[in-house]
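Every number here is computed from the coordinates shown, using simple stated rules; none is lab data. In this text, all values refer to a predicted model and were calculated from it rather than measured experimentally. Note that each Cβ is placed from the backbone with ideal geometry, even for glycine, and that neighbours are counted across all protein chains shown.
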Amino acid sequence: MNEGFLLVLSAPSGCGKTTILRQVMADLSGLSFSVSHTTRKPRLGEENGRDYHFVSPEQFIALRDQQPAGFLEWAEVHGNFYGTSRQEVAQRLRAGADVILDIDVQGAAQVRNNAEPVTVFIAPPSLEELERRLRGRGTESEENLQRRLANAAQEMEAAPAYTYLIVNDKLEEAVLALKSVIIAERCRRRR
């Protein structure tokens with residue numbers, strides 16, 4: 001059995017990354033979503049163990065400080081911690097799954113320093129469209145919304161460091177683009 005590959009997927013909040021990823025995972029077999037640990041509170045409809053492993057800041061720090069390193073990557077984003085279990089990812093890769101990490105640009109940089117992932121950045125068509133999408137969610141205070149928009153502008157500057165760039169202007173095209181990346185990488189690795 002061949003070992004799977006690691007796919008890092010990043011995007012500013014509100015770009016549709018989760019929607020794209022759910023459609024791709026429903027259509028392609030052999031993908032495994034790495035569930036990150038976070039200290040943020042669950043949003044409506046999110047489930048512990050499916051969307052994130054929701055933990056306290058104290059639990060997160062204990063996991064982070066495990067030796068050997070408990071997290072492949074970790075970061076503080078929007079006042080909360082996020083991290084990816086090194087052990088969980090390694091087990092899935094050895095089992096032959098292609099593992100997808102849905103992480104921010106800070107985490108992606110850490111993973112690039114520790115592994116050789118395929119990286120994909122999903123961008124909005126414009127920052128104005130991103131603001132419209134975030135406001136449409138109705139889940140953020142004005143202060144949090146402004147912070148997310150400022151962070152998005154900074155995150156967009158990291159896009160050139162990624163292997164692939166997908167602009168989510170039309171959902172169907174963005175889904176097709178991500179599927180194409182995964183299929184192409186599978187073909188490349190079989191050589």
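Give me the distance between the Cα centres of segment 128-191 and segment 1-70, rounded to whole Å.
Value for the Cα centre distance between the two parts: 16 Å.
Note down the relative contact order for segment 1-113 as a percent, whole number, built from C-alpha pairs under 8 angstrom at least six residues apart.
On the way: 175 pairs, mean separation 47.1, N = 113.
Answer for segment 1-113 is 42 percent.
Normalising by the residue count of the chain, find the relative contact order in percent from Cα pairs under 8 Å and 6+ residues apart.
Working: 284 pairs, mean separation 60.3, N = 191.
Rounded, it is 32 percent for the chain.
With springs connecting C-alpha atoms under 10 Å apart, model the chain as a Gaussian network and identify which of Gly14, Gly96, Gly79 has the largest mean-square fluctuation.
Gly79
For a footprinting-style exposure proxy, rank Asp65, Asp27 by other Cβ within 10 Å, fewest first.
Asp65, Asp27
Tell me which GluC sites (Glu not before Pro) from segment 9-113 have a DSSP coil assignment and no more than 11 other beta carbons within 10 Å of their own. Please list the in-between numbers first.
Numbers: sites: Glu46, Glu47, Glu58, Glu73, Glu76, Glu88; in loops: Glu46, Glu47.
Passing sites in segment 9-113 are Glu47.
List the relative contact order of segment 15-60 as a percent without decimals, with contacts defined as Cα pairs under 8 Å and 6+ residues apart. Intermediate values should be presented prior to the final figure.
On the way: 31 pairs, mean separation 15.1, N = 46.
With pairs under 8 Å counted, the relative contact order is 33 percent.
If you take every residue apart from Ser36 with its C-beta less than 11 Å away from the C-beta of Ser36, what net charge results, scoring Lys and Arg +1 and Asp and Glu -1?
Details: positive: Arg40; negative: Asp51, Glu73, Glu88, Asp102, Asp104.
Value of the local net charge: -4.
If you stretched the chain out fully between Lys41 and Asn151, how much longer would it get, using 0.36 nm times the residue separation minus the C-alpha to C-alpha distance? If you can, show how the numbers build up before the last one.
On the way: separation 110, 0.36 × 110 = 39.60 nm, distance 1.95 nm.
Contour length minus Cα-Cα distance gives 37.7 nm.
Once phi is turned into θ = phi - 60°, what whole-Hz ³J(HN,Hα) does the Karplus curve with 6.51, -1.76 and 1.60 give for every residue of segment 34-44, x standing for Gly and Pro?
Per-residue couplings from phi come out as 7, 7, 6, 8, 8, 9, 6, 6, x, 7, 4 Hz.
Quick one: among Arg148, Arg137, Arg50, which has the greatest mean-square fluctuation in a GNM of the chain with alpha-carbon springs under 10 angstrom?
Arg137
Quickly estimate the mean residue ellipticity at 222 nm for the chain, helices only: each DSSP H run with n ≥ 4 gives -39500 (n - 2.57), and the total goes over all residues, rounded to 500. Each step should come with its number before you reach the end.
Working: 7 runs with 83 residues, N = 191.
The helix contribution divided over the chain gives -13500 deg cm²/dmol.
Which far-off residues, 5 or more places away or on another chain, put their amide H under 5 Å from the one on Val8, with H placed in the peptide plane?
HN-HN under 5 Å from Val8: Leu101, Val118, Thr119, Val120.
Between Ala177, Ala161, Ala115, where does the largest GNM mean-square fluctuation fall for the chain, given springs only between Cα atoms within less than 10 Å?
Its mean-square fluctuation being the largest, the pick is Ala115.
For the chain, what proportion of DSSP beta bridges, expressed in % and rounded to the nearest 5, is antiparallel? Provide the component values of the computation, followed by the final result.
Details: 8 of 26 bridges.
Restricted to the chain, the bridges split so that about 30 percent are antiparallel.
Arrange Thr139, Thr38 by Cβ neighbour counts within 10 Å, fewest through most, would you? If you can, show how the numbers build up before the last one.
Values: Thr139 12, Thr38 19.
Neighbour counts put them in this order, fewest first: Thr139, Thr38.
What lysines sit close enough to Lys17 to cross-link, taking a C-alpha to C-alpha distance under 18 Å and skipping anything fewer than 8 places away on the same chain?
Those lysines meeting the cut-off are Lys170, Lys179.
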